[in-house]
Amino acid sequence: MEKIVSILHGLKPAMLMVVVQIVFAGVNVLYKLAVCDGMSFKVMVAYRFIFASVLMIPLALLVERKRPKLTWTILLQAFFCGLLGGSVSQNLYIEAMALTSATFVSAMTNLIPAITFIVAVTIGLEKVGLRTMAGKAKVLGTVIGLGGAMVFTFFKGLEINIGSIHLDLLHHLHHAAAAASSGSHPSSAHHVLGALLALGSCTSYAIWLNIQTKMSEKYPCYYSSTALTCTMAAIQTTVLALCLEKDWTQWKLGWNIRLLTVAYSGILGSGMMISLISWCVRMRGPVYASSFNPLLLVLVAAAGAFFLEEKFYLGSIMGAVLIVVGLYVVLWGKAQEMKKNKSCSNNGTIQIIVASSTNISNKDNNTSIVALKV
């Protein structure tokens, strides 16, 4: 029983990161519905972090009453976490989607694990270790996952009918979607700009994961750090939306898909999930957390096939298999790396058992243990 509990405890970070990707998949589906309803991207992002701040501030005050002293360094890290992980990454992602397409930007987001790995190695949070099996596994798994994401996105093949629950959530929004998508196709210059913005969004998110790791070392209060990050992002995105969005009717929220989108993405997508990501990067590092990102593409495609009547192709199945294999290889490499680090730390103590020669069988009475540090 204790062994099973130990195994489940070791799997906790992986299970939580899968939950994070499931919630993020729901955010993407709701984003699509809200955009088809004509909601402004910038207002949507601003409301998302406003809702997250309203949730996380009182939760942090209630749960984490004993916190480390809030220094200027932590505030600066929280500012950059909100800037890079919130306002910049979200707004660049949306602008890139407007200039190119959702499929193209979804493919670009799968560069996050590779960029995170490069940044982490650059600043010393990760070691490549190509001479070890763990290091080779991390690099190979990242490459396999990226390859699977590319196959998933760009190769179609045969259409596969995986079934549907006949719940087309976009049915009543088709006219708005057609109006929003009407017009000429983006020019090549716009497409290049969109690709650069998507790359900037991925880079911003990857840097945020590494800054969050640094912040968690000095401020290991996950609810409080999330509250600080969301508050900073809320201020930044609200100021940006007020400056650029001239249509004041965009700020109106009724009992509709817009309210559901900003509430879900703010409370769950930003509030609770950033807390889980913060805990995960504290326990396993930024590369581990980012390695689950390709799963988002699989989950969004599955949700689209079941709920939005979107088509599923053979390339999707092949890409999904490669993504899962790549993820498993990365996780295996990280597990081997942690075992090695744990064994090295345990080797720092040598236990010398001294037993009485007169009564060796009576271990309880005549045995002492001496621990030496080396």
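Considering the stretch 212-235, and only residues there that are closer than 13 Å to F80 by Cβ and touching a Pro at 6+ places or on another chain (Cβ under 9 Å), the residue that is modelled with the lowest pLDDT turns out to be T213.
Farther than 25 Å from N110 by Cβ and touching a residue at least 12 places away in the same chain (Cβ under 8 Å): does that describe M17? Judged against the criteria, M17 is not a match. Among helices (runs of 4 or more DSSP H) entirely within the stretch 1-110, having at least 3 residues that are surrounded by 22 or more Cβ atoms within 10 Å (Cβ to Cβ) and modelled with pLDDT of 90 or more singles out 41-63, 72-82. Kindly indicate whether any position in the stretch 238-253 is within 13 Å of L30 (Cα to Cα) and in contact (Cβ under 8 Å) with a residue 24 or more places away in the chain. Checked the stretch 238-253: no residue is within 13 Å of L30 (Cα to Cα) and in contact (Cβ under 8 Å) with a residue 24 or more places away in the chain.
Between K66, K42, the distinction of being of a type outside the set (A, V, I, L, M) and without any contact (Cβ under 8 Å) to a residue 12 or more places away in the chain belongs to K66 only. Evaluated against (1) closer than 21 Å to F292 by Cβ; (2) at pLDDT below 90; (3) surrounded by fewer than 22 Cβ atoms within 10 Å (Cβ to Cβ), Y264 falls short on exactly one condition, (2).
Name the residue that is nearest to the chain's Cα centre (by Cα), counting only residues in the stretch 36-85 that are charged (D, E, K, R) and more than 21 Å from I112 (Cβ to Cβ). Among those that are charged (D, E, K, R) and more than 21 Å from I112 (Cβ to Cβ), it is K42.
Within the stretch 242-265, can you find the residues that are hydrophobic (A, V, I, L, M, F, W, C) and either under 17 Å from E95 (Cβ atoms) or in a loop (DSSP other than H, G, I, E, B) (or both)? Don't jump to the end; show me each part of the working.
Residues of the stretch 242-265 that are hydrophobic (A, V, I, L, M, F, W, C), as a first pass: 242-244, 248, 251, 253, 255, 257, 259-260, 262-263.
Matches in the stretch 242-265: C243, L244, L253, W255.
The values are calculated or read from the model by the stated rules, or taken from the named source; none is laboratory data. What you see is a predicted model, and the numbers here were worked out from it, not measured in a lab. Glycine also receives a Cβ, built like all others from the backbone with ideal geometry; neighbour counts cover every protein chain displayed.
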